[in-house]
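Q: One structure, pasted below without further comment.
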Amino acid sequence: MRLSLGWKAALVAAAFLLLWLGHFVIAAISVRQTEVFAVHIDEAGKLRMYSQRIAFLVEGCSNGQLASDDAESCRARIRQALERYAASLASVRSISTRLLLPRDRDAVHEALDALEEGAAFYRSAAAAALEPGDEWRAARDYVLQHADAMPERAEALVRALVAGQIRVQRLRDRTNDVLQGVGLALLIAVVAIGRRQVLRPVREITRLAQRAGRGDYSGRVDYRSGDEIGALVLAFNQSNARTQRLIEELAAGRAAARRAEQEADSLLESAADGIVISGPDGRILRVNREAERIFGYSREQLLGAPVEMLIPRRSRSRHRDYRAAYVDSAIPRVMGTISKITGLRSDGSEVPLEITLSSVRLDEQLRVIAVVRDVTERERAEADRRRLLAILDATPDMIAIFTPDRKLCYLNPAGRELLGLGPQDPVEQHAIDALLAPSAQQLIAHFDEGGRLTHVSAIARDISERRQYEAQLLHRATHDQLTGLANRALFRDRLTQAVYHAERSGRLVALAFIDLDDFKQINDSLGHAAGDALLQEIAARLRRHLRKGDTRARLGGDEFAVILEDLGRPDDALVVVDGLMRELQRPMMLGQREIVVTTSIGISIYPRDAATVDELLVHADAAMYQAKAAGRNNYRLYGAPAPMTSPL
């Protein structure tokens, strides 16, 4: 448990009191010891003096005085000296030696014992010397012989007492020195502790208090104690900490307020719309850059001016009444969504506006915030949109907008007509596929800011009739008008493709030239109509008999050609040609007459008989003339030794 300053002071005072008491005790003991020592020395001196006096009296009286009239007086003086010696010896024995050190007490007691032992014989001898008779001489001689020994023993007692006194005095001196050292150390400790635990923290508190007076509350006193100084330091540190925390909180609040103000200013200045803040009296208090741009005034011109300055004169009175009613109600509302709001620029021109009003109270002061949007571009865009819609409604092309999953979002009247939809029918449930199939179109992709496809616009035109017409033209250009078979141009193109595929696949291509025998006679005898009917029937039989992928062509007049592709060997072509001849030889009806037509066929094989298309054509034509030369109604393979005749 830590002590308070009162207890510490009491302990220090008690320590100094004990030191003073020690000094007092030592001083008292010293005085008492000095008094005892003086008595000891005085009595020891008396013993020495009385022993010498006794010897002197014994010697003097023994020289004849004891036999004279003065003998009694001499004996009296000796008895008196003996009594005084005995009294001094008793006095020395009675004086306490407990203030001496143990060894000195022993030395004094030994000296006393020796002195008493010698004194007993000495006194007996001296007493015997007082009596007349023969023994007094012996007693006298003993006394005289020991006259020097007795003072010497008294002197030994004195030396023992002096030595004991010196050693005790030294002990007292050392004790005093120790006590003084302890007192000095205690004083130094008190000063040091007082400096460390009182003066230093008080100075530190004073210094930090001065810093706190200058606004710096960050200082702390490093002192921990349970006393009043410790409590003071703790209170000071806590006070500084609380004050610093409050200052930091206030600074953080001010910083947050500044940041909020800066953010508000930044938001205000970066707003896409104009912002005009006014008081309840209609005076402009604050504007942003966009408001300056919209109205054409500088910020200095706008601040403090009435907001009616920004309203055309014809509308100012109404606006003033509206503003007064708004200030009374202070309900946010939008101006310009139903009726057009017009603003007045500094150059006198008017600008269409959309205004949103809101209110806020700052320090119990009402502020009216007007968010002003210049809708000039929007109205221009709206007008452009209406014109564009009029164009889209009038265009014969289909215009549609659809999502990436092909769902329609917009469809103009031409597109609605293609789908059979009325003007009000929804288009969302329809897909774009139904419109793009019979039409030529141009697609435009629309992406958002993240690069993701959001919509696709399509401009399309119904080209089904044109495609039919183009298909008819293409068919006429590539097909024989009478038979519908491929003409010479298409035939040559098909043959070139067949040769190319055969070259890549390693298969064979057979080319068969077919010529009708005696067709001119049929044409002359039965007429051109009958001849045309014959040619159409031949074409029909070619279609029925040959494979779907085989090319059939009329090269002109009564000449036909067939391209047989993907053959494994030349005999495969002969099997097909043989069957074809059988098919063509079957009787047919021309009007009321039944006729039989024979053919001559020449065959060439790629790549066996030719390396090019032209060679293949020439060789097939040559084989056909060889078949005719051989008597007609047969077919000839190019390079074969003899024609091949149908069994019919």
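FYI, it's all coordinate maths here, none of it is from the lab. Bear in mind the structure is a predicted one, so any value in this text is a computation, not a measurement. Heads up, the Cβs are rebuilt from the backbone with ideal geometry, glycines too, and the neighbour counts pull from every protein chain shown.
Q: Have a look at region 471-645 and give its Rg and Dmax from the Cα atoms, expressed in angstrom.
A: 15.7, 51
Q: Cut-off is 10 Å between beta-carbons; in what order do 576, 596 appear when sorted fewest neighbours first?
A: The fewest-first ordering by Cβ neighbours comes to 596, 576.
Q: Given just the C-alpha atoms of region 271-376, how large is their convex hull per residue in cubic angstrom?
A: 98 Å³
Q: If you don't mind, there's one more thing I want to ask. Using a cut-off of 21 Å between alpha-carbon atoms, which lysines can reach residue 520, once sequence neighbours fewer than 8 places away in the same chain are excluded?
A: Within reach: 628.
Q: Excluding same-chain residues fewer than 8 positions from residue 548, which aspartates and glutamates have a Cα within less than 16 Å of its Cα?
A: Hits, sequence-local ones excluded: 565, 566.
Q: Moving on. For the pair residue 366 and residue 263, what calculated FRET efficiency results from E = 1/(1 + (r/R0)^6), where r is the Cβ-Cβ distance and R0 = 22 Å, to the nearest 0.05?
A: Given R0 = 22 Å and the Cβ-Cβ separation, E is 0.45.
Q: In degrees from 0 to 90, rounded to the nearest 10, what is the angle of the helix 71-94 Cα long axis to the longest principal axis of the chain?
A: The two axes meet at around 10 degrees.
Q: Then there's this: Within 10 Å of each residue's Cβ, count the other Cβ atoms and sort 595, 95, 205 from fewest upward.
A: Fewest-to-most Cβ neighbours within 10 Å comes out as 595, 95, 205.
Q: How large is ³J(HN,Hα), in whole Hz, for each residue of region 300-313 in order, when computed from phi with the Karplus curve 6.51 cos²θ - 1.76 cosθ + 1.60 and θ = phi - 60°, using x for Gly and Pro?
A: 5, 6, 7, 5, x, 7, x, 5, 5, 4, 8, 10, x, 4
Q: Show the residues, 5+ positions off or on another chain, whose built amide H is closer than 5 Å to the amide H of residue 455.
A: Correct list: 446.
Q: What three numbers, in Å, describe the spread of the alpha carbons of the chain along their principal axes, ordered from the longest?
A: 239, 98, 35
Q: Using modelled backbone amide H atoms (1.01 Å from N, in-plane), which distant-in-sequence or interchain residues come within less than 5 Å of residue 286's amide H?
A: Distant-sequence amide H within range of residue 286: 277.
Q: I've got another one for you. So who's got an amide H within less than 5 Å of the one on residue 398, skipping anything under 5 residues away but keeping other chains? H placed 1.01 Å off N, in plane.
A: Placed amide hydrogens put 460, 461, 462 under 5 Å from residue 398.
Q: Cut-off is 10 Å between beta-carbons; in what order do 46, 407 appear when sorted fewest neighbours first?
A: Listing 46, 407 from fewest to most nearby Cβ atoms yields 407, 46.
Q: On a 0 to 90° scale, report how tilted helix 135-145 is relative to the longest principal axis of the chain, with both axes built from alpha carbons and the result rounded to the nearest 10.
A: 40 degrees
Q: If one puts a single equal scatterer on every Cα of region 375-507 and applies the Debye formula without solvent, what log₁₀ I(q)/I(0) results at q = 0.09, 0.16, 0.19 Å⁻¹?
A: Treating every Cα as an identical point scatterer, log10 I(q)/I(0) equals -0.50, -0.90, -1.07.
Q: Moving on. Using Cα atoms only, what is the angle between the long axis of helix 613-629 and the major principal axis of the chain, expressed in degrees (0 to 90) to the nearest 10?
A: So the helix axis and the longest Cα principal axis differ by about 30 degrees.
Q: Can you list the aspartates and glutamates whose alpha carbon is less than 12 Å from that of residue 407, not counting same-chain residues fewer than 8 positions off?
A: By straight Cα distance, residue 407 reaches 428, 433.
Q: Before anything else, pin down the relative contact order of the chain: Cα pairs under 8 Å, at least 6 apart, normalised by residue count, whole percent.
A: 7 percent.
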